[in-house]
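As structure tokens, the structure follows; a few thoughts come after it.
We did not get these values from a lab; they are worked out from the coordinates using the rules stated. Note that the structure is predicted; figures quoted are calculated from it, not measured. Cβ coordinates were reconstructed from backbone atoms using ideal geometry, including for glycine residues, and neighbour counts include every protein chain displayed.
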Amino acid sequence: MADLSSEFVGIKSPNPFWLASAPPTDKEYNVRRAFEAGWGGVVWKTLGEEGPPVVNVNGPRYGAIWGADRRLLGLNNIELITDRPLEVNLREIKQVKRDYPDRAVVVSIMVPCEEQAWKSILPLVEETGADGIELNFGCPHGMSERGMGSAVGQVPEYIEMVTRWCKQYSRMPVIVKLTPNITDIRKPARAAKAGGADAVSLINTINSITGVDLDSFAPEPTIDGKGSHGGYCGPAVKPIALSMVSEIARDPETHGLPISGIGGVTTWRDAAEFMALGAGNVQVCTAAMTYGFKVVQEMISGLSQWMDEKGHASVADFVGRAVPNVTDWQYLNLNYITKARIDQDACIKCGRCYAACEDTSHQAISMSADRVFEVKDDECVACNLCVNVCPVEGCITMEELAPGAMDERTGRKVAKEYANWTTHPNNPAARPAAE
Amino acid sequence: MGHSPFTPGVAAGRLPSEAMTRNFGDLHPPLDAHEATVAADRCYFCHDAPCMTACPTSIDIPLFIRQIATGTPEAAAKTIFDQNILGGMCARVCPTETLCEEVCVREVAEGKPVEIGRLQRYATDKLMAKNSHPFSRAAATGKRVAVVGAGPAGLSCAHRLAMKGHDVVIFDARTKPGGLNEYGIASYKSVDDFAQKEVDWLLQIGGIEVRQGQALGNGLSLDALVAEYDAVFLGIGLAGVNALRAEGEEVENVADAVDFIAELRQARDLGALPVGRNVVVIGGGMTAVDAAVQSKLLGAENVTIVYRRGQDRMAASGYEQDLAASKGVRIMTHAMPVKVIGNGAVREVEFEYTEDGPGGLTGTGERFTLPADQLFRAIGQKLDGAPEGLALDGGKIKVSGAGRTSVAKVWAGGDCATGGDDLTVTAVAEGRDAAEDIHASLS
């Protein structure tokens, strides 16, 4: 039986599945239920500074997009940080941590970019016995208009400055939560590291409008006829999050910096993918908000089964295993040549591959009068579109041409050697082979 | 009323009225908006889709389903009506299991086709509920066309002609228009007077006058029509019924299934409609199934369909046979009626087993009898009262091309004409195509 226990920046949890800082972790009632359901840890919903709590809108806070049968694919929110008094949250955090010592309790914090503000709140959090803090530099709505959240996360200098304060005034591990609403995710990650962060977590939510009401011409979610961009999350954002995680994992300047992976983790498989790309653990929100806390049971059993099947004894065995395989386009092997292959027994003759290839790609699939679809090797560039649009999984595959085989499209034999763009004759910047 | 399925003889009110109402409710309840979206999402939007090819009216099925999926069922309906103005009825009565849904790639792959028929009904219901008509007439041509028969072929032809700007007069023998849509379809396939509503909706295009109670040989002659109109379309269906040729069939309670079905459709009170305790239906087609199932739904205790050949030769689709079985109808094959027994009214029917041999179907000599308080003939219809001078072929009006008969200016389509497979949807296609041909010849 695989060991799912996790240690992330020194914080232990029975499994790598944490609930992200969000509505599910806003109060003791929810967090206790989450722990009872099996979650390994929580990042408590973001605390603000002392004083009158923030106020939320009283209309819709969430918007969504759906697939067929109302499967929720993406969720967006305009909820702010906790709107409960600071002392109530602190008291509850302390009680929960006391009752669940084996679970991770990390506290998310967002206060103004002033040294005194951070200096004031950190001891209060530390006093709860929480395992660590997460700096919310990510929320893209509301708080960012007040100079917090993503307004900080978009300025690497601020990230470094605040991180340094936190390390200076607290003994707790500091996780810096990054916003994806930025051009190059490596810059804020480097800043966090420079400030002494123990880890980064990403991604926070993405600026988004989920739709437009075509009767009222108002963006959704709509508050009294108006809308404001919210933060987008859920299954739809996973590819963006995976890419950003991988960028930080493979950046020489931040390589090895612990990462808590966030962004559309819905199943054990999503979690395993984040971890393979370098995340030490994952944080989940939308899946829990969609299906309830019980989903963690599938994540635990699924990850455990996969680890057993693959012989991974602990999560450390596979964390980061995919990172070396993320590279730049210029280093991809141009001598790796594949051709689409259609399994005629599996083919249901819908013709989608044909329509896609004929109309939008390379005219490399033929169609007979009796609806037999075949790949024309002399036209196929192996773009994979047919694979992607085929409704039958595994019906169309990409078959590698062995070295020495003829590529009928180019009329050349497949070379055995690895060769990439940096040395390609068409590359003006390529240096000629040694002469 | 005090009657039950076990009441001997022929009796009305064998079931409580609630049971009767439930039995004759919609066979396939309409999809709601969410169900339609989910069902529509299963469509793969196939290239050169097999379903479209299988549809006798060539409806662009992937397109209309995508229009449903994207929240525009009215546009979907327009796509359907462009090809098939009776798309609403066809959505209810088409044997989709042998047409579009049979060749759906998901039927082939998974045994579970996209629910094309129900989706078509969803779209057409949506548009028709708005009681708006999506077509308008072209500028008047001054041409006049006579259409004989207000069934699917005639209505389809008339609508297309009216759309092209011609003036149309439909002559129909019955008291209500609709033909088999009104008189020949099981009640649970067309509830809430849909056939009449559909005709009313179709006629909204304008330019079509319907004259009921007029038939060829009964106030009408083809020669007069040809003389008076610029063109004539015959969609007169098959009004005759084949005889059993069994001894003694001239007794009471032996009837044509088509009449029983028509009577049932027109009945205001199903509880007043008598049905036998033991009902036997002779035949193997849709009409036999419709009559048998409805007898059962009216409360008959035992209903048996007897077909002279094997099950694989039955014209009723597998789906229809399953429907009959699920309602408790027994299907017997390889038996032919030889004698109707009864003193004044039928009491039993004697059958002989058959076998297929090199010389065709022959009796084996082994006989059996079934009790029968009511016996329905459903062994096919035939052309009745075809006008003189029209060439026939195999008992139907001979046509070539888009319904051209042997007489100039006269077209024919639907069940009365050669070709096709006696389906509503085929009749619609033939009426439409004849209209296009008539229009071309008049232009």
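Output the relative contact order of the stretch B:33-129, whole-number percent, from Cα pairs under 8 angstrom with separation of 6+ residues.
33
Restricting to DSSP loop positions (anything but H, G, I, E, B) with no more than 12 other Cβ atoms inside 10 Å of their own Cβ, which trypsin sites (Lys or Arg not before Pro) remain in the stretch B:254-334?
Of the trypsin sites (Lys or Arg not before Pro), the ones in loops of the stretch B:254-334 whose Cβ has at most 12 other Cβ atoms within 10 Å are B:Arg268.
Evaluate peptide B:47-53: per residue, the Cβ atoms of other protein chains within 10 Å of its Cβ; return the mean as an integer.
Rounded to a whole number, the mean comes out at 4.
Only Cα pairs within less than 10 Å get springs; with that Gaussian network setup on chain B, which residue of B:Ala292, B:Ala378, B:Ala75 has the largest fluctuation?
Comparing B:Ala292, B:Ala378, B:Ala75 in the GNM, the peak value goes to B:Ala75.
With axes computed from alpha carbons, what is the tilt in degrees of helix A:28-37 against the longest principal axis of chain A, rounded to the nearest 10 within 0 to 90?
40
How many angstrom lie between the C-alpha centres of the stretch A:104-147 and the stretch A:342-385?
55
What order, most packed first, do the peptides A:222-230, B:58-66, A:31-39 have when packing is the mean number of other Cβ atoms within 10 Å of each residue?
In decreasing order of mean packing, A:222-230, B:58-66, A:31-39 become B:58-66, A:31-39, A:222-230.
Taking θ as phi - 60°, what are the ³J(HN,Hα) couplings along the stretch B:371-386 by the Karplus curve (6.51, -1.76, 1.60), each to the nearest whole Hz, with x for Gly and Pro?
x, 8, 8, 8, 10, 10, 8, 9, 10, x, 10, 9, 5, 10, x, 5
Count charges around A:Leu47 for me, please; just the other residues with Cβ under 14 Å from its Cβ, Lys/Arg as +1, Asp/Glu as -1.
-4
In sequence order, what are the phi-derived ³J(HN,Hα) couplings for the stretch B:408-417 according to the Karplus relation 6.51 cos²θ - 1.76 cosθ + 1.60 with θ = phi - 60°, rounded to whole Hz, with x for glycine and proline?
These are the phi-based 3J(HN,Hα) values: 4, 6, 10, 10, 8, x, x, 4, 6, 9 Hz.
For the protein assembly as shown, what is the charge dipole size about the Cα centre, in debye to the nearest 20, if Lys and Arg each add +1 at the Cβ and Asp and Glu each add -1 at the Cβ?
1040
Using a Förster radius of 56 Å, what is the FRET efficiency between A:Val392 and B:Asp223 based on their Cβ-Cβ separation? Nearest 0.05, please.
It comes out at approximately 0.40.
Could you work out the mean count of beta carbons from other protein chains within 10 Å of each residue's beta carbon in A:340-350?
Taking all residues of A:340-350 together, the mean is 3.
By the scheme Lys and Arg +1, Asp and Glu -1, what is the net charge of all other residues having a beta-carbon under 11 Å from that of A:Trp18?
-1
Which cysteines does chain A leave without a neighbouring Cys Cβ under 4.7 Å?
A:Cys113, A:Cys139, A:Cys166, A:Cys233, A:Cys285, A:Cys347, A:Cys357, A:Cys380, A:Cys383, A:Cys390, A:Cys395
Taking the simple approach of a point 7 Å from Cα along Cα-to-Cβ for both A:Tyr291 and B:Glu436, what is their distance in nm?
Result: 5.1 nm between the two label points.
Using +1 at the C-beta of Lys and Arg and -1 at the C-beta of Asp and Glu, which of A:Gly38, B:Val293, A:Leu90 has the Cα lying farthest in the positive direction of the dipole of the protein assembly as shown?
A:Leu90
Extent of the stretch A:219-345 along each principal axis, from alpha carbon coordinates, in Å, largest to smallest?
In descending order, the Cα extents are 58, 50, 35 Å.
For the protein assembly as shown, compute the orientation-averaged projected area of the C-alpha convex hull (one quarter of its surface), in nm².
Here the figure is 52.1 nm², rounded to one decimal.
Enumerate by residue number the trypsin sites (Lys or Arg not before Pro) in the stretch A:339-435 meeting two conditions: DSSP loop (anything except H, G, I, E, B), and at most 11 other Cβ atoms within 10 Å of the site's Cβ.
The qualifying sites are A:Lys416.
Just tell me, in residue order, which DSSP H segments of chain B are both 15 angstrom or longer along the helix axis (alpha-carbon based) and at least 0.0 in mean Kyte-Doolittle hydropathy.
Span-like helices, by this rule, are B:152-163, B:286-298, B:424-442.
Need the list of lysines near A:Lys226 for cross-linking: C-alpha distance under 28 angstrom, and skip anything on the same chain fewer than eight residues off.
Candidates past the 8-residue exclusion: A:Lys45.
Assign unit charges at the C-beta atoms only (+1 for Lys and Arg, -1 for Asp and Glu), then state the dipole size of the stretch B:242-377 relative to its Cα centre in Debye, rounded to the nearest 20.
Roughly 200 debye, rounded to the nearest 20.
What lysines could a cross-link reach from A:Lys376, if we take a straight Cα to Cα line under 20 Å and drop same-chain neighbours fewer than 8 places away?
The qualifying lysines are A:Lys339, A:Lys349, A:Lys413.
Can you show me the helix-derived [θ] at 222 nm for the protein assembly as shown, built from DSSP H runs with n ≥ 4 at -39,500 (n - 2.57) apiece and divided by the number of residues, rounded to the nearest 500.
So the helix-based figure for the protein assembly as shown works out to -9000 deg cm²/dmol.
Over the stretch B:273-362, what is the relative contact order in percent, taking alpha-carbon pairs closer than 8 angstrom and at least six residues apart?
25 percent.
Starting from the Cα of B:Lys176, draw a straight line to each of the aspartates and glutamates and keep only those under 12 Å, dropping any in the same chain fewer than 8 residues away.
Output for B:Lys176: B:Asp193, B:Asp200.
Among the GluC sites (Glu not before Pro) in the stretch B:237-341, which ones are in a DSSP loop with at most 11 other Cβ atoms within 10 Å of the Cβ? Mind listing them?
Passing both the DSSP loop test and the Cβ count: B:Glu250.
Does the stretch B:119-206 classify as rounded, prolate or oblate by the C-alpha gyration tensor (a ≥ b ≥ c root eigenvalues; a/c under 1.5 gives rounded; else a/b over b/c gives prolate, otherwise oblate)?
Oblate is the answer for the stretch B:119-206, as a/c is 1.5 or above yet b/c matches or exceeds a/b.
Would you pull out the residues with amide H under 5 Å of B:Ala345's amide H, same chain only if 5 or more places away, H placed 1.01 Å from N?
Result for B:Ala345 returns B:Glu252.
Dipole size in debye (nearest 20) for the stretch B:33-129 around its Cα centre, Lys and Arg Cβ +1, Asp and Glu Cβ -1?
My answer is approximately 200 debye.
Determine ³J(HN,Hα), in whole Hz, for all residues of the stretch B:400-407 in sequence, where each value follows from phi through the Karplus function 6.51 cos²θ - 1.76 cosθ + 1.60 and θ = phi - 60°; x replaces Gly and Pro.
Values per residue, Gly and Pro as x: 9, x, 8, x, 6, 8, 6, 9 Hz.
With the dipole of the stretch B:242-377 worked out from charges on the C-beta (+1 for Lys and Arg, -1 for Asp and Glu) around the Cα centre, which of B:Ile341, B:Gln374, B:Leu264 lies farthest toward the positive end?
B:Leu264
Relative to the longest principal Cα axis of chain A, at what angle does helix A:238-250 sit, 0 to 90 degrees, rounded to 10?
It works out to around 90 degrees.
In peptide B:100-112, how many Cβ atoms from other protein chains are near each Cβ within 10 Å, on average?
Average neighbour count from other chains, rounded to a whole number: 2.
Rg and Dmax in Å for the stretch B:242-377, alpha carbons only: what are they?
Spelled out, the Cα radius of gyration and Dmax of the stretch B:242-377 are 14.4, 50 Å.
Given H placed on each backbone N at 1.01 Å, which residues far from B:Leu392 in sequence or on other chains put an amide H within less than 5 Å of it?
B:Lys398
Of the beta bridges DSSP finds with both residues in the protein assembly as shown, what % are antiparallel, to the nearest 5?
Of all bridge pairs located within the protein assembly as shown, approximately 45 percent are antiparallel.
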